[in-house]
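Right, one structure below, let's go through it.
The values are calculated or read from the model by the stated rules, or taken from the named source; none is laboratory data. Just so we're clear, the structure is a prediction, and the values are computed from it rather than from any experiment. Cβ sites come from the backbone with ideal geometry, for glycine too, and all protein chains shown count toward neighbours. Remember, those area values only see protein heavy atoms, side chains included, never the ligands or the DNA or RNA. Shrake-Rupley method; radii C 1.70, N 1.55, O 1.52, S 1.80 Å.
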Amino acid sequence: MSGWHAAADAWWSWIGPLSVQCAVLAFVFALTDRLLAQRMPVRVRAAFGWALLARVALPPGLESPVAVVRLLGEQPVAEESPAIFGAQATLALFATWLAGALVLSTALVVRAVRDRRTWIHAAIPADYDVRDLALQAARRLGLARAPRVLVAANAVGPAVIGLFRPVVVIPVDLVQRASSRHLEHVLLHELAHVARRDALSALAWSMARAVLWFHPAVHLYARHAATLRELACDERAASAAGDAQRYRRTLLEIARPLASPGPLGASAFFPVEPQILVRLRALERLPRSSSARQRAAAIATFALLAACCVPLARPCATPSTIAFDDLEGCMRKRFAVMAALAAEARTTPDR
């Protein structure tokens, strides 16, 4: 059991600081996004999610000379590092976290396999007109080639399936009732996901949510990141279409059932605005264009925040800089004497 206790202690020294740092960083990025939403391009706002993912992937002890936590000064060195929980409690927490992470990771893999089997294996290739529209949309977005376009009877909406070889799946009823202009707008949006590699971002967020499944800030920001991905694709698709308002009318007509409020239930206690309403409102005030200076300022703001906020470890004070006479209390002086005697014993050769 000593190996499991050592693993639990190492896990706690990693998950504890990481949880606090993710909460702080999610709050800072959400506040910045709220304040600068009208002045910052959507793709730059979406990049904040990648910075938070970097915080999850990087070790919590990462330091930087420009980190904002250096304003708090150096962290004093503790003579001992007592555990907040006992050994058995830490081991129980570690086992609970590991079980939750394994369950969610398994569910992620099962869902990916099920979606691919349900959406792709039961679909048929689109006809020539739809493939031609997809080819034209891919050229407008700068893609080297258009991915496969399939039509599925059981699809609830257009989607991009696959990470390395993405496939666009469109419901058969949408192909039958939508005009060519509407299909063009739908394909522009879905191919914008392919051009932005949003499947990779969605996978990264799913992995982060599986690892930090107990962290509410990670789940909330993952939902916000999903909305920003849709807004970025809407912005890119509207620009490629050449008319943002016509693209907005297409989105409103196709997604009209989703824009209406749902039945009373859990949403009555925790009201969450539907994503489609956020997208429609963003398209209504979509700027005509942004200057190079505005884009450079937005990118510089993101780079500055990422450099100052992602490394959130405070540097520790060097114990040797504390003089013996400056130590307060007899217990601290006794520990210092014992540490000096132990160090001298280690360096003295045996006779």
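Worth a mention:
- Surface accessible to a 1.4 Å probe, Thr106 within the full protein complex, Å²: 80
- If only the Cβ of Lys and Arg carry +1 and only the Cβ of Asp and Glu carry -1, the dipole of region 85-154 around its Cα centre is close to 160 debye.
- Counting only protein chain heavy atoms and rolling a 1.4 Å probe, the accessible areas of Trp213, Trp11 rank, largest first, as Trp213, Trp11.
- Which of Val194, Val167, Val113, Val20 is most accessible, then next, and so on - probe 1.4 Å: Val20, Val113, Val194, Val167
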